[in-house]
Amino acid sequence: AFKLNPTESDVRERFFESLTALKAWELGRETLTAALKVMNDPELRVADLLRLAGWAEERFSDVEGAINAYREALNVDPQATRALEALERLYREGQRWEELAEVTRKRAESTFDDDARAQAFTQLAEVLWGQLKRADPAAVY
């Protein structure tokens with residue numbers, strides 16, 4: 001039913017409950033990947049991409065798969081906070097400093113809270129100077 005109508009909320013809820021009960025993560029990943037190919041609703045796309053990323057990371061130890069799904073979620077919604085935070089964490093853990101700097105800058109630019117923005121720009125400066133050994137005047141407004 002999910003493959004036929006991946007946007008109907010009660011079908012989605014039952015599908016994800018069944019997957020969890022059965023621990024059928026591979027089936028879930030395959031079905032969700034197929035559904036994402038035809039899904040047009042941006043809110044559902046982001047939710048499913050975040051779910052897919054979480055499964056990739058937690059159930060399959062597939063960091064690259066998780067990163068790809070989080071990036072796709074950001075393509076749909078550039079302010080998807082969960083995706084930005086997860087990418088920052090994964091890039092930091094993987095010592096992927098250039099990518100960490102890029103996503104930290106996106107987070108800083110996407111927030112409207114002055115304190116959060118200042119904190120993000122401070123973290124960006126720490127990555128740029130501390131890890132990449134370069135100063136970037138655009139990091140400080």
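Miscellaneous remarks
- Criterion: free of Cβ contacts under 8 Å to residues at least 40 places away in the same chain, of a type in the set (A, V, I, L, M) and touching a Lys or Arg at 6+ places or on another chain (Cβ under 7 Å) - qualifying residue of LEU44, LEU84: LEU84
- Residue match in region 119-131 (condition: at pLDDT below 95 and assigned to a loop (DSSP other than H, G, I, E, B)): no
The values are calculated or read from the model by the stated rules, or taken from the named source; none is laboratory data. Because the structure is predicted, anything quoted here is derived from the model rather than measured. Note that each Cβ is placed from the backbone with ideal geometry, even for glycine, and that neighbours are counted across all protein chains shown.
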